[in-house]
Structures are given as C-alpha cells and as structure tokens.
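The block underneath contains the structure these notes are about, expressed in structure tokens.
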Amino acid sequence: MRVPSLSTTVSLLLLLAFGPALAAEAPTTFKVGEFTFTRPADWPWQENISMMRKAQLKLVSADAKQTGEVVFFHFGEGNGGGTQANIDRWIGQFAEPKEKLQSKVEEVTVDKRKVHYVQAQGTYQSGMPGGPKSPQPNTMLLGAILESDQGSVFIKLTAPAELAKSAQPAFRKMVEGALRGGK
C-alpha cells in the first residue's frame, strides 16, 4: 500500500477544513458592467477560465448526468461588436446553417431597457475562435444581450437541449431582474 506524501495529506486536510467555507463564498449577486445579477441558487459559481469572461456559472441536471455553462462578457463602451454581429456569431457557432436551426431572436423591453434574447438548437461547435472545435449535438444556446451606454453585457448559456430548456425560466428571471436593478 502506498502512503500519501506529506504535501498530499496537508492539501487534503486543508480542502476538508476550508472547502465548505470556499463554497460558501460563492456570491449570490454579482455585477457585470452596470448590471447586478442574482445567481440562481442551484447554479454553482465557477472560477473564470478566460480573462474575457466576467462571470461564469455551471448548470447541472437533477441526475447530475448533464452539465452546461452560463458565461457573462462585458468589453466596455463601444467594444464587443454590435448586437446583430453577436447574434450572428452565436448562430454561426452551430454546424447547421441558420435556416436548419431551431432558432429565434426576440427583443424585449424591461423598465425601458432593451434585451435581445437568442435561442438556437443543433450541433454546437464548442471551442475558442480560430481554434479546434468539438461538435456537441442536440445542444441549445440561450443568449441575452443587455444594451447599455457603458457597453452591452453578453450572456451565453450552452447546455444539452433538455437541460437548457429546463433552465430557461431561471435564465430569463436572472436577466430581467438585472434590468430591474437587481430585483
């Protein structure tokens, strides 16, 4: 039997001692651009994997067999491209042509603030722009673009279609709550 090293033992003890406290530090509200979002309680907070991401949440199905992510971007005033360019970019991340996707775009006004919702379903091509892509069949993208004079905020949820559909009401509640001043 192999005995764990002292550093492994210390790491495990620290994780056991402070792991619950670290999980408790996940914010229930967070700010991206001028908007304050309230995180759904069952969407775990994640550390950002890219400097471009301002916040990142995880989706997990009830049986823990499916996962997805919700990513928030804010590039500042005049940056990040326009609303239509981002809608086109998101739709273009699918293998199927636009006319074969189950997609729709909807503009909604909440407290005199515009949000553009995007929905698409098909084979999502996951990966960094210009890099290799991993096809993910039967994936849904739910997007929201919150317009702001300080620079739009772009939110993109990607998950297996079933999980994304079940998350859609909470997604909209989170987005529209931020448009109402975090309420």
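The values are calculated or read from the model by the stated rules, or taken from the named source; none is laboratory data. Computed from a predicted model, the values in this text were never measured in an experiment. FYI the Cβ positions are ideal-geometry reconstructions off the backbone, even for glycines, and counts take in every protein chain you see.
Of all residues being under 12 Å from the mean Cα position of the chain (by Cα) and not hydrophobic (A, V, I, L, M, F, W, C) in the stretch 139-167, which is farthest from I87 (Cα to Cα)? Just the residue, please.
The extreme case among them is T158.
Condition first: of a type outside the set (D, E, K, R) and either touching a residue at least 12 places away in the same chain (Cβ under 8 Å) or touching a helix residue (DSSP H, G or I) at 6+ places or on another chain (Cβ under 6 Å) (or both). Now tell me which residues in the stretch 37-54 satisfy that. Quick ask: steps written out before the conclusion?
Going residue by residue through the stretch 37-54, those that are of a type outside the set (D, E, K, R) are 37-38, 40-41, 43-46, 48-52.
Scanning the stretch 37-54 gives F37, T38, P40, A41, W43, P44, W45, Q46, M52.
Would you please list the contacts, defined by Cβ atoms under 8 Å and residues six or more apart or on different chains, that run from a residue in the stretch 148-160 that is part of a loop (DSSP other than H, G, I, E, B) to a residue that is among the aromatic types (F, W, Y)?
Pairs that qualify, where the first residue is part of a loop (DSSP other than H, G, I, E, B) and the partner is among the aromatic types (F, W, Y), are S148/F35; G151/F75.
Only one of L157, L101, L142, L146 is surrounded by 15 or more Cβ atoms within 10 Å (Cβ to Cβ) and modelled with pLDDT under 90; which?
Working: L157 fails: modelled with pLDDT under 90; L142 fails: modelled with pLDDT under 90; L146 fails: modelled with pLDDT under 90.
Every option except L101 fails the conditions.
May I ask you to verify whether E47 is loosely packed, with under 15 Cβ neighbours inside 10 Å, of a type outside the set (A, V, I, L, M, F, W, C) and more than 26 Å from A161 (Cα to Cα)?
Numbers: loosely packed, with under 15 Cβ neighbours inside 10 Å: yes; of a type outside the set (A, V, I, L, M, F, W, C): yes; more than 26 Å from A161 (Cα to Cα): no.
The answer is no for E47.
Looking only at the stretch 106-135, which residues are free of Cβ contacts under 8 Å to residues at least 24 places away in the same chain and within 16 Å of A164 (Cβ to Cβ)?
If the condition is that a residue be free of Cβ contacts under 8 Å to residues at least 24 places away in the same chain and within 16 Å of A164 (Cβ to Cβ), then E106 is the only one that fits.
Please specify each residue of the stretch 59-103 satisfying the condition of being in a loop (DSSP other than H, G, I, E, B), out of contact with any helix residue (DSSP H, G or I) (no Cβ under 7 Å at 6 or more places or on another chain) and among the polar types (S, T, N, Q).
N79, Q93, Q102
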